[in-house]
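The values are calculated or read from the model by the stated rules, or taken from the named source; none is laboratory data. Owing to the predicted nature of the structure, the values given are computational and were not obtained by experimental measurement. Positions of Cβ are generated from backbone atoms using ideal geometry, with glycine treated the same way; all protein chains shown enter the neighbour counts.
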Amino acid sequence: MSRFLFVVPPLVGHINPAVGVAAELTARGHRSAWACADPALVRRLAGADATVFLCAGPALGSGGSERPPDLRGPEALKFLWERFLSPLAEEMAPGVTAAVGEFEPDVVVSDQQTLAGGLVAERLGVPWATSATTSAEFTDVLSGMPKVEQWLFERLAGLRNRVGDPAGTADPRFSPHLVLAFSTPEFVGPGARTGERIQYVGPSVADRPASSDFPWDWLDPARATVLVTLGTANTDVGERFLTECLTAARERADRTQTVIVDPAGVLGHTSGGPDGEDGKDILIVPSVPQLPLLERVDAVVCHAGHNTVCEALWHGVPLVVAPIRDDQPVVAGQVVAAGAGVRVRFGRVTAPKLGAAIDAVLHEPGHRLAASRVGTAFRAAGGASAAATHLEQLAGGAPAQEPRA
């Protein structure tokens with residue numbers, strides 16, 4: 001039996017992939033624990049009995065990390081690092097150090113955005129793996145921005161001096177031992193990072209706790225169903241976009257039914273649902289059981305968040321992607337390059353253009369065929385099971401297997 005410590009940020013999209021891997025390791029007789037600034041969130045996603053070591057750390061979108069909604073490009077990247085990722089690393093480091101001392105893991109599994117995991121593991125001499133929950137880092141997105149790239153390297157060096165081993169050389173975003181990329185080269189596209197340590201395992205799609213109050217009887221299997229979701233971290237900027245989605249859905253109510261996820265209630269409580277003015281055509285809810293719902297939808301409109309994109313493609317569902325910030329433009333570009341969807345501009349798209357994009361992914365067969373091809377590659381990569389096997393090999397001192405061709 002081996003012990004694995006998962007170091008994760010307080011972000012649903014980064015915890016969920018690790019949940020499937022931890023569950024697979026547990027099923028194989030190993031022990032897993034977590035280090036996070038939000039133990040309640042980990043237990044909600046991983047189960048109430050999860051062992052969680054509390055770390056300090058800011059929450060994205062609170063206090064000084066509240067991002068201006070119109071911040072884009074290099075300035076958005078700089079803001080993310082200065083206001084969230086760097087403070088998160090420094091504040092988590094003592095808690096991660098204590099967790100390693102108490103749990104004595106054989107391997108630390110550090111999310112790519114919780115830099116404290118890799119830095120602390122390197123300092124303490126513990127083997128560590130990177131959990132890479134977005135495919136954006138596997139393309140050379142900064143190659144055309146040398147000043148930004150240099151600024152980032154200097155920031156990483158500063159973090160190593162403060163919380164890691166000053167003599168260390170590893171990039172805390174990419175473990176020298178093992179990098180679990182929850183994607184595939186087929187989706188990342190030409191130029192995808194490769195190497196002996198990088199293992200493309202595909203999405204980690206596993207059962208997760210879900211509420212039982214979704215009105216499944218509302219869905220009409222005879223009609224095309226569209227899911228609209230902006231994830232869990234974009235409620236502050238979604239009102240205009242969701243309003244355009246609602247208008248587009250109403251214009252297609254004679255031939256489609258639409259489920260709109262509206263966690264902040266920006267669309268109001270009377271504009272949709274079984275008893276609302278849109279009746280059986282539009283359902284507006286604060287949350288959905290996304291994985292089982294994806295088995296029954298025909299298209300997804302989203303912000304190009306990596307988890308939502310991969311889960312849709314896993315089910316062979318084509319997408320309309322409207323990236324907002326961070327890695328989302330890169331992921332959206334990968335969707336379009338794969339032929340699995342259509343991209344629209346989040347801040348400017350109108351209901352007619354949005355409707356045309358929805359019609360395209362619903363009725364032009366090439367998008368669905370491409371989504372199915374990507375989904376097949378995802379499933380063949382092995383997901384949580386393959387990730388668990390690579391972690392077992394690292395815990396046992398065996399070298400990682402060669403990456404898939």
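Could you list, in sequence order, the residues of the stretch 168-201 that are in contact with a Lys or Arg (Cβ under 7 Å, 6 or more places away or on another chain) and farther than 25 Å from Ala157 by Cβ? Answer for the stretch 168-201, where residues must be in contact with a Lys or Arg (Cβ under 7 Å, 6 or more places away or on another chain) and farther than 25 Å from Ala157 by Cβ: just Tyr200.
When Gly347, Gly339, Gly316 are checked against the criterion of being at pLDDT 95 or above and either over 26 Å from Ala22 (Cα atoms) or outside any loop (DSSP other than H, G, I, E, B) (or both), a single residue qualifies: Gly339.
May I ask you to say which residue of Asp111, Asp49 is surrounded by fewer than 15 Cβ atoms within 10 Å (Cβ to Cβ) and either in contact with a His (Cβ under 7 Å, 6 or more places away or on another chain) or at pLDDT 90 or above (or both)? Break it down into steps so the answer makes sense when it comes.
Values: Asp111 fails: surrounded by fewer than 15 Cβ atoms within 10 Å (Cβ to Cβ).
It is Asp49.
For residues in the stretch 52-70 being part of a loop (DSSP other than H, G, I, E, B) and at positive phi, which is modelled with the lowest pLDDT? Looking at the filtered set, the residue picked out is Gly61.
Restricting the stretch 123-133 to residues that are crowded, with 24+ Cβ neighbours inside 10 Å and at pLDDT 95 or above leaves a set whose member that is farthest from the chain's Cα centre (by Cα) is Trp128.
Out of Ala388, Ala360, one residue alone is touching a His at 6+ places or on another chain (Cβ under 9 Å) and in the same structural domain as Gly125 (by TED's automatic domain parsing). It is Ala388. Only one entry in Val288, Val320, Val374, Val335 is in contact with a strand residue (DSSP E or B) (Cβ under 7 Å, 6 or more places away or on another chain) and under 16 Å from Ser183 (Cβ atoms), namely Val335. Only one of the numbered conditions (1) buried (at least 19 other Cβ atoms within 10 Å of the Cβ); (2) at pLDDT 95 or above; (3) in a helix (DSSP H, G or I) is violated by Ala98, and that is (1). Within the stretch 121-140, residues that are assigned by TED's automatic domain parsing to the domain that holds Val7 reach partners that are in a strand (DSSP E or B) and among the acidic types (Asp, Glu) with beta carbons closer than 8 Å, at six or more positions or on different chains, in the pairs Thr130/Asp111; Ser131/Asp111; Thr133/Asp111.
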